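S.K.: Just dropping this structure here.
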Amino acid sequence: MIINKLRSPRQLTFNLGQLLTPKLEQFLVGDNLLLYNFLDKFSQHLVYEPFIYLWGASGSGRTHLLQSCYDRLTRLGYPCYYFPLEKQLNFNFTLDEKDFPNQYQLICVDNIEHIIGALSWEKRLFNLYQYVTNLGYTLIVTASCSPRQLDCKLLDLKSRLCSGMIFQVHTLRESEKQKAIQQRATLYGLDLTDQVAHFLLTHYPRHPNDLFKQIDQLHQASLREKRPITIPFVKKHAI
Amino acid sequence: MSTINQAIWSHCLDYLNDDDRIDDEAFVTWIQPLGAKLTDNCLLLLAPNSVVFEKIKNNFFEHLLEAVQHVVGENNPPPEVRLQVETSSPMVQQDSLQHEESKRELPWTASLRKYHTRLNAQLTFENFVAGQSSQLAYAAAEQVAENPDRVYNPLVIYGDVGLGKTHLMQAAGNMILKRNPDAFILYLHSERFVANMVKALQNNKMEEFKNFYRSADVILVDDIQFFSGKERSQEEFFHTFNALLDSQRQVILTADRYPKELIGLEERLKSRFAWGLTVGVEPPELETRVAILMNKAKQSNFVLSEEVAFFIAQRIHSNVRELEGALKRVLANAHFTGQAITLGFAKEALKDLLALQAKLVNVENIQQAVARYYKISLVDLLSKKRTRSFALPRQIAMTLAKELTNKSLPEIGYLFGKRDHSTVLHACRKIKKRLSEDFSLKEDYTYLLKILST
């Protein structure tokens, strides 16, 4: 067994996927031009807005946008906090004001739909909203639906979520998905031909998250085997 | 107000030195050189030169305030903190301009009291558009601000969410503060009162808590309905309320409904609230909404035509927050594109915001929209029938599903009567080809794409 392993050594690769922190410039604008322009200015601190609400389907890129705002403003030296709700719920983390001392000038709360309907959580989010906006800082939240559609128990929260800049993050169109995966591949230094990209889109799950995972997987396999990504290669290695 | 003892600044320095946000170098370079003069009500911080002054002002002043608050104790009335360039400093004397400046009252010099009030300076009577629905509340708040504790005490403003209760309350607070800059005006949400009380109980600091709230000249408590069911907080608020009223301090409260109708609130509290004046705020009527929009646009240096204002106001009538959100969106769009705000422009900018039932596009929505458009039943659309009148809409629906959703081809096939993924692929290819040849089909497709994606 050991001998077999030695005979066919497996190339170990660095986990380069970790290097891909979302960047605003990498976001494929598509139908989201106004949103993109706004966040571009906002994340350079050229416009101020106390509350921003981004909503869209899974895979539309709302978390990408949120994280890239966080990343840009952090790089500019502003103290920011990113708070993915589904994960924090597991750790019993709270949204209480005491958890957010004055230093955070931008607070990003991802996937608020997970706490809507739970009154105590809604109150925490409400308090956070009040706290952040009163201090003149910014709160950005993301959700899977528009604020009007949120089934909030706390109407005070709902009315506040309906204020500010509300943007729908439109899902990528078919042609844009192809561009998106090719762009992702380029970030890895890979050349994904139109033919291969089209093959991926027509033969595998087309959800952007699945497609990106696919590229990550192919990238790792390509590094290991030192082979370019072709259709036979995809057939062999795609998830 | 308690006297600041001589040790306060050294405690502040200790606190700042331990603050992770300030590295050692910054502490030694900028904070340590500050001198401090301590008087009864004021902590005067003296920067040795204008460079240190600017640096502290821009980067560390909030930290200083925080440190002072920490040292004084959260529930103690906060002292005033001022920062200025030390006039005796040789560097300043060399520079007459800076010397002159240091003698002036620095415009940004902040009082920790003001910092603590949490009043939003943007919320004033000048930028509140009062319509018929809020005229009475506006007038009452203005009178209270002009004559605190003379006319209506307490003043209770009630109404649905997003109608301007907080704005009016804070406008009164800001006006009082403007007329009397030394007044201790405390604005807080009722939840904060509860949270602070819990903290005080935990730390055995109830006396400090009581003294803090009872030392306010004017107290503004938002959303008192949140006291509902919290008996201990109600009890404490009741005593605070009485103490303030007895010592002729103004109290302004807001609630989401008429106080008598508040559930879970003690009767004696409700009865106290009725001592002064209770005024309601109703949703603004169309003309007021238009005026609000035009006013807000003007504040942002944009000119909004009545036509556009009416268009937005007719579509958003539930609350002012949403109205302002819609306007911000139009203005942002105009700012980024440099276009004039016409009716068509506003419609385009608000298309997804105004879609009342805006929902995410899914295969079911697409099927329904296509079936409705071609006037066929959903059953026929999903059936195995291959006549042209059913096959074409089915192929269009499949193409739209591929275009607008993230479903895989096998998933789309399954949702269209358990068909194979190759059927979906065939449909998409066929429609794509026909779209380039058949103008009327292209029109149908474009229309469906538009109604589904906006």
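The values are calculated or read from the model by the stated rules, or taken from the named source; none is laboratory data. Everything quoted here is computed from the prediction, not taken from an experiment. A quick note on method: Cβ atoms are made from the backbone with ideal geometry, for glycine too, and the neighbour counts reach across all protein chains shown. Note: accessible area is taken over every heavy atom of the protein model, side chains too, but ligands, DNA and RNA are not part of it. Shrake-Rupley method; radii C 1.70, N 1.55, O 1.52, S 1.80 Å.
S.K.: Of all residues being more than 18 Å from B:ASN333 (Cα to Cα) and open to solvent by 10 Å² or more (accessible area, probe 1.4 Å) in region A:47-61, which is farthest from the other protein chains (Cβ to nearest Cβ)? Just the residue, please.
M.R.: Selected residue: A:GLY61.
S.K.: Separate question: Does any residue of region A:102-117 turn out to be at pLDDT below 90, surrounded by 14 or more Cβ atoms within 10 Å (Cβ to Cβ) and among the aromatic types (Phe, Trp, Tyr)?
M.R.: So far as region A:102-117 goes, yes, one or more of its residues are at pLDDT below 90, surrounded by 14 or more Cβ atoms within 10 Å (Cβ to Cβ) and among the aromatic types (Phe, Trp, Tyr).
S.K.: Being more than 14 Å from chain B (Cβ to nearest Cβ), outside any helix (DSSP H, G or I) and surrounded by fewer than 21 Cβ atoms within 10 Å (Cβ to Cβ) is the filter here, so list the residues in region A:172-204 that pass it. Can you show your working first?
M.R.: Restricting attention to region A:172-204, the residues satisfying the condition of being more than 14 Å from chain B (Cβ to nearest Cβ) are A:179, A:182-197.
Remaining after also requiring outside any helix (DSSP H, G or I): A:188-193.
Once the filter is applied, which keeps residues that are more than 14 Å from chain B (Cβ to nearest Cβ), outside any helix (DSSP H, G or I) and surrounded by fewer than 21 Cβ atoms within 10 Å (Cβ to Cβ), region A:172-204 yields A:TYR188, A:GLY189, A:LEU190, A:ASP191, A:THR193.
S.K.: For region B:228-278: of the residues being aromatic (Phe, Trp, Tyr) and under 28 Å from the mean Cα position of the chain (by Cα), which is surrounded by the most Cβ atoms within 10 Å (Cβ to Cβ)?
M.R.: Of everything passing the filter in region B:228-278, B:PHE237 is surrounded by the most Cβ atoms within 10 Å (Cβ to Cβ).
S.K.: For A:LEU211, state whether it is outside any loop (DSSP other than H, G, I, E, B), open to solvent by 10 Å² or more (accessible area, probe 1.4 Å), touching a residue at least 24 places away in the same chain (Cβ under 8 Å) and not assigned by TED's automatic domain parsing to the domain that holds A:ASP110. Steps first, please.
M.R.: Details: outside any loop (DSSP other than H, G, I, E, B): yes; open to solvent by 10 Å² or more (accessible area, probe 1.4 Å): no; touching a residue at least 24 places away in the same chain (Cβ under 8 Å): yes; not assigned by TED's automatic domain parsing to the domain that holds A:ASP110: yes.
So A:LEU211 fails the test.
Condition check ((1) within 10 Å of B:GLN395 (Cβ to Cβ); (2) free of Cβ contacts under 8 Å to residues at least 12 places away in the same chain) across all residues:
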position	(1), (2)
B:LEU409	no, no
B:TYR414	no, yes
B:ARG419	no, yes
B:ALA427	yes, no
B:LYS430	yes, no
B:PHE439	no, yes
B:TYR447	no, no
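S.K.: Still on this structure: Of all residues in region B:405-425, which are under 12 Å from B:GLU364 (Cα atoms), outside any loop (DSSP other than H, G, I, E, B) and open to solvent by less than 30 Å² (accessible area, probe 1.4 Å)?
M.R.: Passing the criteria: only B:ILE412.
S.K.: With (1) more than 30 Å from B:ALA401 (Cβ to Cβ); (2) among the aliphatic types (A, V, I, L, M); (3) within 8 Å of chain B (Cβ to nearest Cβ) as the list, and A:ILE166 as the residue in question, which single condition is left unmet?
M.R.: Among (1) more than 30 Å from B:ALA401 (Cβ to Cβ); (2) among the aliphatic types (A, V, I, L, M); (3) within 8 Å of chain B (Cβ to nearest Cβ), A:ILE166 violates only (1).
S.K.: Here is a further query. Please work out which residue is farthest from A:GLY164 (Cα to Cα), limiting yourself to region A:25-41 and to residues that are at the interface with another protein chain (Cβ under 10 Å from one of its Cβ atoms) and of a type outside the set (D, E, K, R).
M.R.: Quick first cut of region A:25-41, residues at the interface with another protein chain (Cβ under 10 Å from one of its Cβ atoms) only: A:31, A:33-38, A:40-41.
After this cut, where a residue has to be of a type outside the set (D, E, K, R) as well, the list is A:33-38.
On the way: A:LEU33: 18, A:LEU34: 15, A:LEU35: 13, A:TYR36: 16, A:ASN37: 16, A:PHE38: 13 Å.
Ranking the qualifying residues of region A:25-41, first place goes to A:LEU33.
S.K.: Okay, next question. Given the residues B:GLN170, B:GLN143, B:GLN132, which is the only one that is open to solvent by 60 Å² or more (accessible area, probe 1.4 Å) and modelled with pLDDT of 85 or more? Talk me through it step by step, then tell me what you get.
M.R.: On the way: B:GLN170 fails: open to solvent by 60 Å² or more (accessible area, probe 1.4 Å); B:GLN132 fails: modelled with pLDDT of 85 or more.
After ruling out the rest, the residue left standing is B:GLN143.
S.K.: Taking the conditions exactly as written (assigned to a helix (DSSP H, G or I) and either crowded, with 17+ Cβ neighbours inside 10 Å or in contact with a Gly (Cβ under 7 Å, 6 or more places away or on another chain) (or both)), does B:VAL361 satisfy them or not?
M.R.: Numbers: assigned to a helix (DSSP H, G or I): no; either crowded, with 17+ Cβ neighbours inside 10 Å or in contact with a Gly (Cβ under 7 Å, 6 or more places away or on another chain) (or both): yes.
No, not satisfied.
S.K.: Return yes or no: is A:SER159 closer than 22 Å to B:LEU119 by Cα, free of Cβ contacts under 8 Å to residues at least 12 places away in the same chain and more than 20 Å from the chain's Cα centre (by Cα)?
M.R.: Values: closer than 22 Å to B:LEU119 by Cα: yes; free of Cβ contacts under 8 Å to residues at least 12 places away in the same chain: yes; more than 20 Å from the chain's Cα centre (by Cα): yes.
Here the answer is yes, as A:SER159 does meet what is asked.
S.K.: Tell me yes or no: at least one residue of region B:437-448 is within 11 Å of chain A (Cβ to nearest Cβ), part of a helix (DSSP H, G or I), out of contact with any strand residue (DSSP E or B) (no Cβ under 8 Å at 6 or more places or on another chain) and open to solvent by 90 Å² or more (accessible area, probe 1.4 Å). Please lay out each step first, then the result.
M.R.: Residues of region B:437-448 within 11 Å of chain A (Cβ to nearest Cβ): none.
No; the residues of region B:437-448 include none that is within 11 Å of chain A (Cβ to nearest Cβ), part of a helix (DSSP H, G or I), out of contact with any strand residue (DSSP E or B) (no Cβ under 8 Å at 6 or more places or on another chain) and open to solvent by 90 Å² or more (accessible area, probe 1.4 Å).
S.K.: Kindly indicate whether A:LEU34 is modelled with pLDDT under 90, buried (at least 17 other Cβ atoms within 10 Å of the Cβ) and closer than 26 Å to B:ALA326 by Cβ. Even if it seems obvious, please write down each step before you answer.
M.R.: Numbers: modelled with pLDDT under 90: yes; buried (at least 17 other Cβ atoms within 10 Å of the Cβ): yes; closer than 26 Å to B:ALA326 by Cβ: yes.
Yes, satisfied.
S.K.: Would you mind stating whether A:ASP151 is more than 9 Å from every other protein chain (Cβ to nearest Cβ) and over 27 Å from A:LYS23 (Cα atoms)? Quick ask: steps written out before the conclusion?
M.R.: On the way: more than 9 Å from every other protein chain (Cβ to nearest Cβ): yes; over 27 Å from A:LYS23 (Cα atoms): yes.
Taking the combined requirement at face value, the residue satisfies it.
S.K.: Moving on to the next point. For region B:339-356, what are the residues that are of a type outside the set (A, V, I, L, M, F, W, C) and more than 11 Å from chain A (Cβ to nearest Cβ)?
M.R.: To start, the set of residues in region B:339-356 that are of a type outside the set (A, V, I, L, M, F, W, C) comprises B:339, B:342, B:344, B:347-348, B:351-352.
Once the filter is applied, which keeps residues that are of a type outside the set (A, V, I, L, M, F, W, C) and more than 11 Å from chain A (Cβ to nearest Cβ), region B:339-356 yields B:GLN339, B:THR342, B:GLY344, B:LYS347.
S.K.: Another question about this same structure. Look through B:ASP182, B:ASP160, B:ASP217, B:ASP222 and report the one residue that is of a type in the set (Asp, Glu) and touching a strand residue (DSSP E or B) at 6+ places or on another chain (Cβ under 6 Å).
M.R.: Details: B:ASP182 fails: touching a strand residue (DSSP E or B) at 6+ places or on another chain (Cβ under 6 Å); B:ASP160 fails: touching a strand residue (DSSP E or B) at 6+ places or on another chain (Cβ under 6 Å); B:ASP217 fails: touching a strand residue (DSSP E or B) at 6+ places or on another chain (Cβ under 6 Å).
Only one candidate qualifies: B:ASP222.
S.K.: Is it fair to say B:GLY162 is touching a Cys at 6+ places or on another chain (Cβ under 8 Å) and either within 30 Å of B:LEU293 (Cβ to Cβ) or in a helix (DSSP H, G or I) (or both)? If you could, list the steps in order and put the result at the bottom.
M.R.: Working: touching a Cys at 6+ places or on another chain (Cβ under 8 Å): yes; either within 30 Å of B:LEU293 (Cβ to Cβ) or in a helix (DSSP H, G or I) (or both): yes.
Spelling it out, B:GLY162 is indeed touching a Cys at 6+ places or on another chain (Cβ under 8 Å) and either within 30 Å of B:LEU293 (Cβ to Cβ) or in a helix (DSSP H, G or I) (or both).
S.K.: I need the full set of residues from region B:378-410 which are within 13 Å of chain A (Cβ to nearest Cβ), under 18 Å from B:LEU452 (Cβ atoms) and of a type outside the set (Gly, Ala, Ser), in order please. Steps first, please.
M.R.: Step one: list which residues in region B:378-410 are within 13 Å of chain A (Cβ to nearest Cβ), which gives B:398-410.
Applying the additional criterion that residues be under 18 Å from B:LEU452 (Cβ atoms) yields B:398-407.
Of everything in region B:378-410, those that are within 13 Å of chain A (Cβ to nearest Cβ), under 18 Å from B:LEU452 (Cβ atoms) and of a type outside the set (Gly, Ala, Ser) turn out to be B:MET398, B:THR399, B:LEU400, B:LYS402, B:GLU403, B:LEU404, B:THR405, B:ASN406, B:LYS407.
S.K.: Something else: For region B:176-187, indicate whether the set of residues that are part of a loop (DSSP other than H, G, I, E, B), in contact (Cβ under 8 Å) with a residue 12 or more places away in the chain, closer than 25 Å to A:ARG124 by Cβ and within 14 Å of chain A (Cβ to nearest Cβ) is non-empty.
M.R.: no
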